[in-house]
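S.K.: Next up is a structure, given as structure tokens.
The values are calculated or read from the model by the stated rules, or taken from the named source; none is laboratory data. Everything numeric here is computed off the predicted structure, so don't read it as measured data. In this analysis, Cβ positions are derived from the backbone assuming ideal geometry, glycine residues included, and neighbour counts consider all displayed protein chains. The area values use the complete protein model at the heavy-atom level, side chains included, leaving out ligands, DNA and RNA. Shrake-Rupley method; radii C 1.70, N 1.55, O 1.52, S 1.80 Å.
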Amino acid sequence: MNINSLIQLLVILEECSNPEAVVTELEQILHGCGFEYYGLLRHLPQNPVQQNPESWAAALAGRWPEHWPRIYAAKKYALIDPMVRYLGHAQRPFRWREAMAAFHKDAHQRRMEQMMVDAFGHGLEDGYIFPIHGRNGTLASLSLAGKPIELSPVEIALLEAVARKAFWRLLDLKGEAPALETVLPADTPLTRREMEILHYLAEGMTSMEISKMLKISNHTVDWYMNGLQDKLKAKNRQQAVALAFRHGLIS
């Protein structure tokens, strides 16, 4: 792998004038590094396990084996994908085998192994994932896959920098970066009770279920919820929960 090419790419990405150019430059370097397949995913502001596991991220760019996305969706692998699950806790880049090892005693181990067999059969023999973190948690990730490739610590560090640069450059060019950089006003902290209600909402509970849990009336729950929506500048409960995830209030 040419380390100088990765360093040069960081400069080139900054000079790209449109999203298409960013993707072209990124693909060219990744292919030169030996990775035939990749995916740059933006994580959606929601809890993938408790809400909708199959729509936990949106693709910003990527290239995968022809039939793999369809098979992955049809077999609902997103529900048990060890890489997706491991990514929820990872602070640093990791290799696929690390994620598999972390769940070796998991109840879904057989399904995970079947997923890996299917992936291998489509040319996805090995891979790495590079989390992209913001102030409030994981914003995105870059997945690299194909034939097994041994990356040195320096190469991993440079690819991690490339992942961050490509992600933020794409968002800048699309005009979407400011939305991720907004923060809650410092003078509107949430109370302990508001935080409790937020967590229960994120788990999909109704006002009635929350009222029973907290031993308060439905009316009181709704009162707290209205206050939460005002503080978070949310139009409804669903948006309030999404904003809470985005701002790192719940995870």
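S.K.: Evaluate the range 207-229: report whether one residue or more is within 23 Å of H43 (Cβ to Cβ), in contact with a Ser or Thr (Cβ under 9 Å, 6 or more places away or on another chain) and either aliphatic (A, V, I, L, M) or not assigned by the TED database to the domain that holds L44 (or both).
M.R.: Scanning the range 207-229, I find no residue that is within 23 Å of H43 (Cβ to Cβ), in contact with a Ser or Thr (Cβ under 9 Å, 6 or more places away or on another chain) and either aliphatic (A, V, I, L, M) or not assigned by the TED database to the domain that holds L44 (or both), so the answer is no.
S.K.: Do we have any residue at all in the range 89-103 that's open to solvent by less than 40 Å² (accessible area, probe 1.4 Å), of a type outside the set (A, V, I, L, M, F, W, C) and over 20 Å from the mean Cα position of the chain (by Cα)?
M.R.: no
S.K.: A further question follows. In the range 150-176, how many are touching a helix residue (DSSP H, G or I) at 6+ places or on another chain (Cβ under 7 Å), closer than 20 Å to A58 by Cα and either outside the structural domain of L41 (by the TED database) or crowded, with 16+ Cβ neighbours inside 10 Å (or both)?
M.R.: Within the range 150-176, residues that are touching a helix residue (DSSP H, G or I) at 6+ places or on another chain (Cβ under 7 Å), closer than 20 Å to A58 by Cα and either outside the structural domain of L41 (by the TED database) or crowded, with 16+ Cβ neighbours inside 10 Å (or both) number 8.
S.K.: Residue check: is K147 open to solvent by 50 Å² or more (accessible area, probe 1.4 Å) and at pLDDT below 85?
M.R.: Answer is no for this residue.
S.K.: Confirm whether R164 is under 19 Å from the mean Cα position of the chain (by Cα) and assigned to a helix (DSSP H, G or I).
M.R.: yes
S.K.: Now a separate question. Do we find that D118 is in contact with a strand residue (DSSP E or B) (Cβ under 9 Å, 6 or more places away or on another chain), more than 29 Å from H247 (Cβ to Cβ) and modelled with pLDDT of 95 or more in this structure?
M.R.: no
S.K.: Any chance you could count how many residues in the range 71-88 are over 29 Å from E155 (Cβ atoms), part of a helix (DSSP H, G or I) and open to solvent by 40 Å² or more (accessible area, probe 1.4 Å)?
M.R.: Taking the range 71-88 first, the residues over 29 Å from E155 (Cβ atoms) are 71, 73-76, 79-80.
Restricting the remaining residues to those that are part of a helix (DSSP H, G or I) gives 71, 73-74, 79.
Checking the rest, the ones that are also open to solvent by 40 Å² or more (accessible area, probe 1.4 Å) come to 73-74, 79.
The total comes to 3.
S.K.: In the range 104-130, what count of residues is obtained for those that are surrounded by 15 or more Cβ atoms within 10 Å (Cβ to Cβ) and not in a helix (DSSP H, G or I)?
M.R.: Adding up the residues that qualify gives 10.
S.K.: Which ones in the range 1-39 are closer than 21 Å to H122 by Cα and acidic (D, E)? Steps first, please.
M.R.: As a first pass, look at the range 1-39 and keep what is closer than 21 Å to H122 by Cα: 27, 30-39.
E27, E36 - these are the residues of the range 1-39 that are closer than 21 Å to H122 by Cα and acidic (D, E).
S.K.: Taking the residues in the range 188-238 that are small (G, A, S) and in a loop (DSSP other than H, G, I, E, B) as candidates, determine which candidate is nearest to L249 (Cα to Cα). If you could, list the steps in order and put the result at the bottom.
M.R.: Kept after step one, since they are small (G, A, S), are these residues of the range 188-238: 202, 204, 207, 211, 217, 227, 234.
Still in the running and in a loop (DSSP other than H, G, I, E, B): 204, 217, 234.
Working: G204: 16, S217: 24, A234: 14 Å.
If we take residues in the range 188-238 being small (G, A, S) and in a loop (DSSP other than H, G, I, E, B), then A234 is nearest to L249 (Cα to Cα).
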